[in-house]
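> Mind looking over this structure? Questions follow.
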Amino acid sequence: MPELNPAQTSAALIRPAIPATAWMLGIVSLLMDVSSEMINALLPLYLAGGLGASALAIGFIEGSSVAVATATKFLSGVLSDISRRAKPLAVLGYGLGALSRLIFPWAVSLDQIVLAKAMDRVGKGIRGTPRDAIVAAVSPPEIRGASFGLRKSLDTVGGFVGPLVAVGAMILLAGDILSVFWIAAIPAALCMVFLVFFVKEPAGRHSMKRGSFRLVDAFRLNRAVWAVIGLASIIMLARFSEAFVLLKALEAGFTPAWVPLSLVIMHAAYGLTAFPAGRLSDRIGTSGLLLGSLGFLIAAHLTLAYAATVWVYVLGTVLWGLHMGLSQGLLGAMIAAATPEHLKGSAFGTFNLVTGVVVLVGNTLAGWLWHSVGSATPFLVGAGMSILALIGIASGAGRFRTP
């Protein structure tokens, strides 16, 4: 067996630094997520208490908004690959999200909320794929998991700060939800400043020959990509919207002003886990981490199903956040590793399109179960689906290793 000389050993141990562009996109995600979570933390309460919406209606609104976003992600991914320019699409997507913040404070009916959510989700759909394509393009393969994990961690810092700001604003404003929605427009505007002036698109993407991409290629992704998409779909079906976790907080004893605190706890666990999980996946692969993430999801579902006190509920949200941290960044890195450079936008778009349809089905089912059977039932069904996903990954672990 040949021996490595000291120079080779040093090169093997020293990994490249995470690119500045990945850091800037993480900050952009952080700011937009602060804005989004300020709204999302209070929207289920506003829908149920202020507008009288049922759990079934809330589930459909949440699911359809995700479906709209993911259909848009597919189109933006294809456009990104055709044009070789991802940043303009990212600016358009984040811009629509920022504009939607001006609609939520005026909304006094369900159709106006649906309009605002649709605009926000279309923006999310447009920006997500080109943003991930840029991260994949600027990150060397040996630190790709770390780059995606970093962006997810910064994104979840926003998910931590947003609900915390919402709690403080609710207390200071005596529970005035619509005024909190107005405040949410501020970080969205700052997000646009960072994106326009500080994010640089890698020159390599738009210098590639346009002839290297054919539209038909977007529908001919390799088996490795489809294996990851199938895996993610199972996980997404088992994990429905956090809106139901927020509604469960009221049953556990939270007052409306303190409900956003549950998202603070969840995103703290998520954010503290995502970056280390990404770095670890670069060294040991993804299968073991994904199995661990599903173990946490099963525990979260079972805990939340029977959460009748604040502390049991808090434990459930921590477990949910640990699941998110161990799984979310890994799936993006797995797609990037399995896809040729000229099809990364299409691969991320297809990934988001398929999983978005699954989320629509899962959220609508969860809403129907909550409305028709009881609040514990969606969590129990989710635990059962998570067990099936865990068995599926364990039986085919070799197919889900990143190179």
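The values are calculated or read from the model by the stated rules, or taken from the named source; none is laboratory data. Because the structure is predicted, anything quoted here is derived from the model rather than measured. Here the Cβ positions follow ideal geometry from the backbone for every residue, glycine too, while neighbour counts run over all protein chains shown.
> Being at pLDDT 75 or above, under 23 Å from the mean Cα position of the chain (by Cα) and surrounded by fewer than 24 Cβ atoms within 10 Å (Cβ to Cβ) is the requirement here; does Thr339 meet it? Lay out the reasoning, then the answer.
Values: at pLDDT 75 or above: no; under 23 Å from the mean Cα position of the chain (by Cα): yes; surrounded by fewer than 24 Cβ atoms within 10 Å (Cβ to Cβ): yes.
Against the criterion (at pLDDT 75 or above, under 23 Å from the mean Cα position of the chain (by Cα) and surrounded by fewer than 24 Cβ atoms within 10 Å (Cβ to Cβ)), Thr339 does not qualify.
> Step by step: first the residues of segment 241-283, then only those that are hydroxyl-bearing (Ser, Thr, Tyr) and closer than 18 Å to Phe296 by Cα, then the one that is surrounded by the most Cβ atoms within 10 Å (Cβ to Cβ). Which residue is that?
To start, the set of residues in segment 241-283 that are hydroxyl-bearing (Ser, Thr, Tyr) comprises 241, 255, 262, 270, 273, 281.
From the residues that got through so far, the ones that are closer than 18 Å to Phe296 by Cα too are 241, 262, 270, 273, 281.
Details: Ser241: 22, Ser262: 26, Tyr270: 29, Thr273: 26, Ser281: 27.
Filtering segment 241-283 for residues that are hydroxyl-bearing (Ser, Thr, Tyr) and closer than 18 Å to Phe296 by Cα, the one surrounded by the most Cβ atoms within 10 Å (Cβ to Cβ) comes out as Tyr270.
> Return the only residue of Ala53, Ala41 being of a type in the set (A, V, I, L, M) and at pLDDT below 80.
Residue meeting the stated conditions: Ala53.
> If a residue counts only when it is closer than 17 Å to Ala366 by Cα and modelled with pLDDT of 80 or more, which helices (runs of 4 or more DSSP H) contained entirely in segment 218-310 have at least 3 such residues? Step through it out loud before you land on a result.
On the way: elements: 223-238, 242-252, 260-284, 287-305.
In segment 218-310, the matching helices (runs of 4 or more DSSP H) lie at 223-238, 242-252, 287-305.
> Same structure, new question: I want to confirm something. Restricting to segment 226-240 and keeping residues that are among the small types (Gly, Ala, Ser) and surrounded by fewer than 23 Cβ atoms within 10 Å (Cβ to Cβ), which single residue is nearest to Ala169 (Cα to Cα)? Quick ask: steps written out before the conclusion?
First pass over segment 226-240, keeping only residues among the small types (Gly, Ala, Ser): 227, 230, 232-233, 238.
Those left that are additionally surrounded by fewer than 23 Cβ atoms within 10 Å (Cβ to Cβ): 227, 230, 233.
Numbers: Ala227: 44, Gly230: 41, Ser233: 36 Å.
Among them, the one singled out is Ser233.
> For Pro105, are the conditions met, namely being in a helix (DSSP H, G or I) and in contact with a Gly (Cβ under 8 Å, 6 or more places away or on another chain)?
Numbers: in a helix (DSSP H, G or I): yes; in contact with a Gly (Cβ under 8 Å, 6 or more places away or on another chain): no.
So Pro105 fails the test.
> Something else: Quick check on segment 360-385: of everything there that is crowded, with 24+ Cβ neighbours inside 10 Å and not aromatic (Phe, Trp, Tyr), which residue is farthest from Arg239 (Cα to Cα)? Explain how you work it out, then say what you get.
From segment 360-385, those crowded, with 24+ Cβ neighbours inside 10 Å are 362-363, 366-367, 378-379, 382; that's our starting set.
Of the ones still in play, those that are also not aromatic (Phe, Trp, Tyr) are 362-363, 366-367, 378, 382.
Numbers: Gly362: 8, Asn363: 9, Ala366: 10, Gly367: 13, Pro378: 10, Gly382: 6 Å.
Once the filter is applied, the top-ranked residue is Gly367.
> Related question: If I ask for residues that are among the aliphatic types (A, V, I, L, M) and either crowded, with 24+ Cβ neighbours inside 10 Å or under 18 Å from Asp33 (Cβ atoms) (or both), which ones from segment 137-157 would you list?
Let us first name the residues in segment 137-157 that are among the aliphatic types (A, V, I, L, M), namely 137-138, 143, 146, 150, 154, 157.
Residues satisfying the conditions are Ala146, Leu150, Leu154, Val157.
> Does Val28 meet the test of being hydrophobic (A, V, I, L, M, F, W, C), at pLDDT below 70 and under 29 Å from Gly175 (Cα atoms)?
On the way: hydrophobic (A, V, I, L, M, F, W, C): yes; at pLDDT below 70: no; under 29 Å from Gly175 (Cα atoms): yes.
When the stated conditions are applied, Val28 does not pass them.
> Are any residues in segment 83-137 of a type in the set (Ser, Thr, Tyr) and at pLDDT below 85, and if so, which ones? Can you show your working first?
First pass over segment 83-137, keeping only residues of a type in the set (Ser, Thr, Tyr): 83, 94, 100, 109, 129.
Across segment 83-137, the qualifying residues are Ser83, Ser109, Thr129.
> Right, another one. How many residues does segment 170-183 hold that are closer than 17 Å to Leu31 by Cα and surrounded by fewer than 24 Cβ atoms within 10 Å (Cβ to Cβ)?
Our first condition is that a residue be closer than 17 Å to Leu31 by Cα; within segment 170-183, this holds for 180-183.
From what is left, the residues that are surrounded by fewer than 24 Cβ atoms within 10 Å (Cβ to Cβ) are 182-183.
Residues flagged as closer than 17 Å to Leu31 by Cα and surrounded by fewer than 24 Cβ atoms within 10 Å (Cβ to Cβ) within segment 170-183 amount to 2.
> Give me the pairs, please: first residue somewhere in segment 307-322 and buried (at least 19 other Cβ atoms within 10 Å of the Cβ), second residue anywhere and of a type in the set (Gly, Ala, Ser) and outside any helix (DSSP H, G or I), beta-carbon distance under 7 Å, and either six or more positions apart or on two chains.
Close Cβ pairs (under 7 Å, with a partner that is of a type in the set (Gly, Ala, Ser) and outside any helix (DSSP H, G or I)) amount to Tyr313/Ala307; Gly316/Ala307.
> Now for a different question. Restricting attention to segment 132-145, report how many residues are assigned to a helix (DSSP H, G or I), among the small types (Gly, Ala, Ser), over 16 Å from the mean Cα position of the chain (by Cα) and farther than 9 Å from Ala333 by Cα. Walk me through it before giving the result.
The initial filter retains those residues of segment 132-145 that are assigned to a helix (DSSP H, G or I), namely 132-138, 141-145.
Of the ones still in play, those that are also among the small types (Gly, Ala, Ser) are 133, 136-137, 145.
Those still in the list that are over 16 Å from the mean Cα position of the chain (by Cα) too: 136-137.
Now drop any that are not farther than 9 Å from Ala333 by Cα, which leaves 137.
Matching residues across segment 132-145 total 1.
Per-residue answers, yes or no, for (1) in contact (Cβ under 8 Å) with a residue 24 or more places away in the chain; (2) touching an Asp or Glu at 6+ places or on another chain (Cβ under 9 Å); (3) among the charged types (D, E, K, R):
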| residue | (1), (2), (3) |
| --- | --- |
| Phe348 | yes, yes, no |
| Gly356 | yes, no, no |
| Val361 | yes, no, no |
| Ser375 | yes, yes, no |
| Pro378 | yes, no, no |
| Val381 | no, no, no |
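> Looking only at segment 108-128, which residues are of a type in the set (A, V, I, L, M) and in a helix (DSSP H, G or I)?
Start the filter on segment 108-128 by keeping residues that are of a type in the set (A, V, I, L, M), which leaves 108, 110, 113-116, 118-119, 122, 126.
If the condition is that a residue be of a type in the set (A, V, I, L, M) and in a helix (DSSP H, G or I), then Leu110, Ile113, Val114, Leu115, Ala116, Ala118, Met119, Val122, Ile126 are the ones that fit.
Listed here are the residues, each with its yes/no results for (1) at pLDDT below 85; (2) in contact with a helix residue (DSSP H, G or I) (Cβ under 7 Å, 6 or more places away or on another chain); (3) part of a helix (DSSP H, G or I); (4) among the acidic types (Asp, Glu).
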| site | (1), (2), (3), (4) |
| --- | --- |
| Leu330 | yes, yes, yes, no |
| Gly349 | yes, yes, yes, no |
| Asn352 | yes, yes, yes, no |
| Gly362 | yes, yes, yes, no |
| Leu369 | no, yes, yes, no |
| Gly384 | no, no, yes, no |
